[in-house]
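Structure first, commentary second.
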Amino acid sequence: MTYDEKVQWLRRYQDSLRREQELAEEVEQLRSRACKVTPSLSGMPGGTSDGQALPRAVEQILEAQQELQAQIEQCNAIRREVANTIERISGSKEKEIFRRRYLLGQTWEEIAEHMDISTRWVQILHQKQMDSD
């Protein structure tokens, strides 16, 4: 694998987490809209409603929840793959860099600050580890 292919493979977990968050937000929006679906109780004609708005909203929520659950399961599987790969790294600093970068989604600067080393050194250690595989 090239360097870029390795990075892309490792980033799958963060990408999957972002998709999970998007789906969770979608479920929440659907729930919010469903709460606004109320039948008209006045005697005034209000248009042509088939009375199925609430059941359709519930169906949409259930479908979105199923999609979210599938994404959560996929995300967990990807995390295990990435974590297992990171655990095979021999150096403790390198392992921490990879955990922070690809599991926690931290920036180079955040990693450097937490590890109390320079950003450039974090990037050098990362590059060396990527080149060693």
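Between beta-carbons, use under 14 Å as the cut-off and find the net charge around residue 16, counting Lys and Arg +1, Asp and Glu -1.
Details: positive: 11, 12, 18, 19, 79, 80; negative: 15, 20, 22, 67, 73, 81.
After counting each charged neighbour, the total is 0.
Carbon-plus-sulfur fraction of the accessible area of the chain, 1.4 Å probe, in percent? Don't jump to the answer; show the numbers that get you there.
Working: 4510 of 9210 Å².
Within the chain, the accessible surface is 49 percent carbon and sulfur.
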In region 76-133, which GluC sites (Glu not before Pro) are in a loop and have at most 11 other Cβ atoms within 10 Å, using DSSP for the loop call? none
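Mind ranking 15, 131 by accessible surface for me, highest first, 1.4 Å probe? Don't skip to the end; give the middle numbers.
Values: 15 75, 131 100 Å².
Highest to lowest solvent-accessible surface, that is 131, 15.
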Arrange the residues 75, 35 by how much accessible surface each exposes, largest first, with a 1.4 angstrom probe. 35, 75
Pairwise label distance in nanometres, residue 4 with residue 117, each label 7 Å out on the Cα-Cβ vector: 2.7
Which is the longest part of the chain that has none of the trypsin sites (Lys or Arg not before Pro) sitting in a DSSP loop with at most 12 other Cβ atoms within 10 Å? 37-87
What is the count of Lys pairs in the chain whose alpha carbons sit under 29 Å apart, if the two are 8 or more places apart or on different chains? 5
Please give the helix 3-35 orientation as an angle from the longest Cα principal axis of the chain, in degrees from 0 to 90, rounded to the nearest 10. 20
What figure, in Å² to the nearest 10, do you get for the accessible area of residue 85 with a 1.4 Å probe and non-protein molecules left out? 40
Against the longest alpha carbon principal axis of the chain, how many degrees, from 0 to 90 and to the nearest 10, is the axis of helix 53-87 turned? 10
Accessible area in square angstrom per residue, the chain, 1.4 angstrom probe: 69
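The values are calculated or read from the model by the stated rules, or taken from the named source; none is laboratory data. In this text, all values refer to a predicted model and were calculated from it rather than measured experimentally. Virtual Cβ from ideal backbone geometry, glycine too; neighbours counted across all protein chains shown. SASA here: full protein model, heavy atoms, side chains in, ligands and nucleic acids out. Shrake-Rupley method; radii C 1.70, N 1.55, O 1.52, S 1.80 Å.
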